[in-house]
Amino acid sequence: MAKDFIHFFGTTGNKDIFFKKIRSAGGLYFHVDDTNLIIDPGVYTFYKYIHTYQDKIDGIILSHIHIDHSNDLNIFVELMTNGGEEKRGTVLVPNQAIEEKVLYSYLKDFPEHLEIVKPNSKYAIKNIEITSSIEHKHGIENYGFKIKTKNHLIGLVTDTAYFPELLVSYQNCEILIMNVPYHIQDKQKPKHLDIPATQEFIKAIKPKKVVLTHFNEDILKANPVLLASKLTEKYGIEVISAEDDMILEL
Ligand SMILES: [Zn+2]
């Protein structure tokens with residue numbers, strides 16, 4: 001069996017960056033403990049996946065309905081269930097994805113389990129335990145997740161403005177994958193994290209490893225590789241700036 005890993009299909013959520021083809025939009029593939037999970041399948045994730053892997057997918061997880069996270073959701077449900085021929089796998093989505101038919105109604109019966117994300121709740125997909133976070137502040141219904149494998153606790157801090165209560169949701173994570181589009185966030189009503197917020201996570205949670213991803217123009221101009229190395233120096237932990245199609249071995 002191949003080693004456990006996380007494949008980062010894309011590392012932006014920002015339309016300008018995507019349309020200019022500077023980076024691909026979202027999408028993570030977790031191949032861990034003999035369990036295969038697709039998380040936030042944005043634009044192009046499906047195409048990349050089927051050209052790279054033949055693995056059977058066990059679960060599909062959506063943090064929120066924005067298109068850079070949800071574009072390929074439905075086609076992945078088709079793939080996981082072999083076009084509805086095999087009732088298998090789990091789809092875990094916020095209620096808004098059902099209400100707004102981001103998950104097409106005809107697909108709701110295809111997976112073995114369709115689960116709705118509630119805050120601070122536990123779910124199991126094959127060998128993996130998943131705990132949802134407190135609701136994020138992102139303008140629409142959105143959650144992050146803690147992914148518990150045999151050897152790791154991985155926090156997936158999806159899009160959100162920073163607020164201190166967030167830190168409780170990601171306690172004890174040794175790996176944090178963080179959506180950090182901004183170097184310094186200066187919007188009146190922020191919806192995303194920046195580097196100062198990332199430092200609050202590092203100080204409170206003390207992870208061994210942090211992966212920065214989901215970049216927009218602001219952080220790309222500031223050079224996320226450089227920002228990551230500065231954080232490594234300051235806190236003595238491994239901080240990585242994600243690249244498209246990066247494989248993080250676990
Ligand atoms: Zn979003």
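The values are calculated or read from the model by the stated rules, or taken from the named source; none is laboratory data. Computed from a predicted structure; not experimentally measured. Neighbour counts are summed over all protein chains in view; Cβ atoms, including those assigned to glycine, are modelled from backbone coordinates with ideal geometry. Please note that ligands, DNA and RNA were not included when accessible areas were found on the heavy atoms of the full protein model with its side chains. Shrake-Rupley method; radii C 1.70, N 1.55, O 1.52, S 1.80 Å.
Which of the residues that make up the range 28-41 are open to solvent by less than 20 Å² (accessible area, probe 1.4 Å) and either modelled with pLDDT under 95 or of a type in the set (Asp, Glu) (or both)?
Residue satisfying the conditions is Asp40 alone.
List the number of the failed condition for Phe215; all other conditions in (1) within 16 Å of the ligand (Cβ to nearest atom); (2) touching an Asp or Glu at 6+ places or on another chain (Cβ under 6 Å) hold.
Status for Phe215: all satisfied but (2).
Being away from the ligand (no atom under 16 Å from the Cβ) and open to solvent by 50 Å² or more (accessible area, probe 1.4 Å): is that true of Glu135 here?
no
Just to be sure I understand the filter: pairs with C-beta atoms under 7 Å, separated by 6 or more residues or on different chains, first member in the range 233-244 and touching a residue at least 12 places away in the same chain (Cβ under 8 Å) and open to solvent by 40 Å² or more (accessible area, probe 1.4 Å), second member charged (D, E, K, R) and part of a strand (DSSP E or B). Which pairs pass?
Filtered contacts from the range 233-244: Glu238/Lys209.
Please go through (1) over 27 Å from Lys108 (Cα atoms); (2) surrounded by fewer than 19 Cβ atoms within 10 Å (Cβ to Cβ); (3) among the polar types (S, T, N, Q) for Ser24 and return the number of the only condition it doesn't satisfy.
(2)
Anything in the range 64-88 that is away from the ligand (no atom under 16 Å from the Cβ) and either hydroxyl-bearing (Ser, Thr, Tyr) or in contact with a Gly (Cβ under 6 Å, 6 or more places away or on another chain) (or both)? List them, or say none.
Those that are away from the ligand (no atom under 16 Å from the Cβ) and either hydroxyl-bearing (Ser, Thr, Tyr) or in contact with a Gly (Cβ under 6 Å, 6 or more places away or on another chain) (or both): Met80, Thr81.
If you check Ile147 against the conditions, is it over 24 Å from Glu99 (Cα atoms), crowded, with 22+ Cβ neighbours inside 10 Å, among the aliphatic types (A, V, I, L, M) and in contact (Cβ under 8 Å) with a residue 40 or more places away in the chain?
yes
Within the range 118-129, can one find any residue that is over 21 Å from Met80 (Cβ atoms), crowded, with 23+ Cβ neighbours inside 10 Å and polar (S, T, N, Q)?
Within the range 118-129, none of the residues are over 21 Å from Met80 (Cβ atoms), crowded, with 23+ Cβ neighbours inside 10 Å and polar (S, T, N, Q).
Regarding the range 9-18, can at least one residue be identified that is open to solvent by 10 Å² or more (accessible area, probe 1.4 Å), within 16 Å of the ligand (Cβ to nearest atom), among the aromatic types (Phe, Trp, Tyr) and assigned to a helix (DSSP H, G or I)?
The answer is yes; a qualifying residue exists.
Restricting to strands (runs of 3 or more DSSP E) lying wholly in the range 97-198: which have 1 or more residues that are modelled with pLDDT of 95 or more and under 14 Å from the mean Cα position of the chain (by Cα)?
Result: 128-135, 143-148, 153-157, 175-179.
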